[in-house]
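Presented below is the structure to which this report refers.
Derivation of every value follows stated rules applied to the coordinates shown; laboratory data play no part. Because the structure is a prediction, the values reported are computed rather than measured. Virtual Cβ from ideal backbone geometry, glycine too; neighbours counted across all protein chains shown.
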């Protein structure tokens, strides 16, 4: 009899948990859509693109200088004494290493300057977007909001729960 009452209690508790879970509202946003439409994010991305363009131009310029130096070396290498040839070869290797170090310092995954600049420019934008998401979620009585364009994979989403454009509206109205 005691076993039956314990099992009955678990069933009732489990049933009430299922009921409580079924009343929760869940929403999702598409952060890519938001980031493409928020003026501050567009401006930050423009600044990042300009910086990337500048750095790529520097890499290209350095590469062209290396190619020119290598071409000059190849033309004159046969007539050079061995010590001079080795000295120029070493300079060419150092020049190549300098280009690679520059590229690494600017673009290395996770450690390059571009990632710290991106964080610096986008942090205030992200904070504003997160505040708007939280506000809309509270206004809509939602318990959860997922980002369908992020690392969290959303296999199915009822479009009636998409609050992307409500968040954009809130951001555009500045409230």
Two-site label geometry, residue 147 and residue 169: point separation in nm, points 7 Å out along Cα→Cβ: 2.3
Shape box of segment 80-151 [Cα atoms, principal axes, largest first, Å]: 81, 21, 11
Globularity ratio of segment 39-85, using Cα Rg and 2.2 N^0.38 Å: 2.04
Give me the extension gain from residue 87 to residue 54: residue separation times 0.36 nm, minus the current Cα-Cα distance, reported in nm with one decimal. 8.7 nm
Per residue convex hull volume, Cα only, segment 23-173, in Å³ is 134
Pairwise FRET efficiency - residue 119 versus residue 26, Cβ, R0 = 30 Å, nearest 0.05: 0.55
